[in-house]
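**Student:** Provided herewith is a single structure, encoded as structure tokens, for subsequent inquiry.
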Amino acid sequence: MISGNETVKQKINYEEIKRAPIMISLVIGAFFAILNETLLNVAFTDLMTEFQVEAATIQWLATGFMLVVGILVPITALLTGWFTTRQMFLGAMVLFTIGTIICGVAPNFSFLLIGRLIQAGGTGLLMPVMMNTVLLIFPPHKRGAAMGTVGLVIMFAPAIGPTLSGIIIEALNWRWLFFIVLPFAIFSIAFASFFLKNVSEVTKPKVDVISVILSTVGFGGVVFGFSSAGEGSAGWVHPEVYGSIIVGLVSLVLFVWRQLKLDEPMLDVRVFKSPTFSITTILLIIVMMTLFSTGRQIC
């Protein structure tokens with residue numbers, strides 16, 4: 001009887017969710033956060049000249065960004081169980097905004113890199129929150145359209161980054177790449193503060209430190225290895241490249257094995273038993289790899 005009442009209560013709450021304000025908050029924040037993945041690439045030449053650094057050094061603005069995002073995305077699966085939707089989204093956007101301000105006023109390369117990594121921290125936290133929230137607020141028969149909207153943001157934002165960056169640099173200078181984004185980030189925080197409601201349940205799952213370490217080393221190693229492959233003349237044969245990838249892959253295998261053994265896994269990899277989910281994930285990985293590699297090559 002209690003179970004039935006709980007089901008009815010959950011259904012009523014589910015139907016009363018105002019999806020439009022939540023989606024607007026998520027889309028605005030995610031668009032400008034993801035946009036920054038490629039927005040700065042066109043300015044690398046100007047930054048090398050201004051800060052007197054080499055190409056391999058300036059490349060860390062892109063490599064470091066992707067590295068932090070790659071590490072944080074799987075860990076966010078754990079954080080969403082400890083914090084509410086509002087806390088996660090607002091925390092991510094505040095972090096992103098702080099990083100944007102630091103980048104815009106950076107007096108040297110070190111400050112710019114620190115701001116860039118803080119930006120990446122906000123982006124890495126934001127993307128899983130957006131995906132998870134969409135799945136929670138929409139019924140199964142409407143999730144396709146909702147995820148299509150999210151997918152459009154994820155694909156469109158980094159695609160227009162280099163073009164938008166070129167226009168801004170041509171008219172102004174590289175600092176405006178951050179100053180123009182800043183008002184939208186602040187607006188997203190203000191809008192979400194009023195309209196974004198909590199839709200997830202705080203369960204406070206057990207923190208498995210070993211899983212966190214394996215995830216960090218695994219995803220971080222793979223991202224660092226692939227990002228470093230295009231730097232310098234050694235390419236794939238450099239020990240730093242293939243060594244990072246090997247260590248990352250081994251850590252990922254151990255991470256997956258541990259998740260299958262835990263009663264409360266940090267990241268439930270059992271969903272890959274579904275052929276549809278697995279094939280879709282593989283295709284998405286291929287598309288995103290093609291998009292980002294092409295964007296960086298053009299830049």
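The values are calculated or read from the model by the stated rules, or taken from the named source; none is laboratory data. No experiment lies behind these values; they were computed from the predicted model shown. So basically every Cβ, Gly included, is an ideal-geometry build from the backbone, and we count neighbours across all protein chains shown.
**Student:** Which condition does Gly144 not pass, out of (1) under 25 Å from Leu67 (Cβ atoms); (2) in a helix (DSSP H, G or I), if it passes all the others?
**Tutor:** (1)
**Student:** Additional query: List pairs: first in the range 178-196 and more than 13 Å from Leu26 (Cα to Cα), second outside any helix (DSSP H, G or I) and modelled with pLDDT under 85, Cβ under 9 Å, 6+ apart or cross-chain?
**Tutor:** Close Cβ pairs (under 9 Å, with a partner that is outside any helix (DSSP H, G or I) and modelled with pLDDT under 85) amount to Phe178/Leu40; Phe179/Leu172; Ile180/Leu172.
**Student:** Residues of the range 37-49 being in a helix (DSSP H, G or I), touching a residue at least 40 places away in the same chain (Cβ under 8 Å) and not β-branched (Val, Ile, Thr), which ones?
**Tutor:** Looking only at the range 37-49, we keep the residues that are in a helix (DSSP H, G or I), and these are 37-39, 41-49.
Filter once more, keeping what is touching a residue at least 40 places away in the same chain (Cβ under 8 Å): 37-39, 41-44, 46-47.
Glu37, Leu39, Asn41, Ala43, Phe44, Asp46, Leu47, listed by residue number.
**Student:** If you go through the range 226-269, how many residues are modelled with pLDDT of 80 or more and either of a type outside the set (Phe, Trp, Tyr) or surrounded by 17 or more Cβ atoms within 10 Å (Cβ to Cβ) (or both)? Before you say what the answer is, go through the steps one by one.
**Tutor:** Restricting attention to the range 226-269, the residues satisfying the condition of being modelled with pLDDT of 80 or more are 243-261.
Imposing the further condition that a residue be either of a type outside the set (Phe, Trp, Tyr) or surrounded by 17 or more Cβ atoms within 10 Å (Cβ to Cβ) (or both) reduces the set to 243-256, 258-261.
Residues in the range 226-269 being modelled with pLDDT of 80 or more and either of a type outside the set (Phe, Trp, Tyr) or surrounded by 17 or more Cβ atoms within 10 Å (Cβ to Cβ) (or both): 18 in total.
**Student:** If we scan the range 195-206, do we find a residue that is touching a helix residue (DSSP H, G or I) at 6+ places or on another chain (Cβ under 8 Å) and part of a helix (DSSP H, G or I)?
**Tutor:** Filtering the range 195-206 for residues touching a helix residue (DSSP H, G or I) at 6+ places or on another chain (Cβ under 8 Å) gives 195-200, 205.
Then keep just the ones that are part of a helix (DSSP H, G or I); that gives 195.
Yes, the range 195-206 contains a residue that is touching a helix residue (DSSP H, G or I) at 6+ places or on another chain (Cβ under 8 Å) and part of a helix (DSSP H, G or I).
**Student:** Would the range 95-105 turn up any residue that is more than 18 Å from Ala33 (Cβ to Cβ) and outside any loop (DSSP other than H, G, I, E, B)?
**Tutor:** Filtering the range 95-105 for residues more than 18 Å from Ala33 (Cβ to Cβ) gives 105.
Applying the additional criterion that residues be outside any loop (DSSP other than H, G, I, E, B) yields 105.
The answer is yes; a qualifying residue exists.
**Student:** Still on this structure, I have one more. Considering the range 124-148 alone, what residues qualify as being within 19 Å of Ala77 (Cα to Cα) and in contact with a Leu (Cβ under 7 Å, 6 or more places away or on another chain)?
**Tutor:** Of everything in the range 124-148, those that are within 19 Å of Ala77 (Cα to Cα) and in contact with a Leu (Cβ under 7 Å, 6 or more places away or on another chain) turn out to be Gly124, Leu125, Met130, Thr133.
Okay, residues lined up against (1) among the acidic types (Asp, Glu); (2) out of contact with any strand residue (DSSP E or B) (no Cβ under 6 Å at 6 or more places or on another chain); (3) crowded, with 19+ Cβ neighbours inside 10 Å:
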site: Trp174; (1), (2), (3): no, yes, yes
site: Pro183; (1), (2), (3): no, yes, no
site: Phe187; (1), (2), (3): no, yes, no
site: Lys197; (1), (2), (3): no, yes, no
site: Glu201; (1), (2), (3): yes, yes, no
site: Lys204; (1), (2), (3): no, yes, no
site: Val207; (1), (2), (3): no, yes, no
site: Ser211; (1), (2), (3): no, yes, yes
site: Val217; (1), (2), (3): no, yes, yes
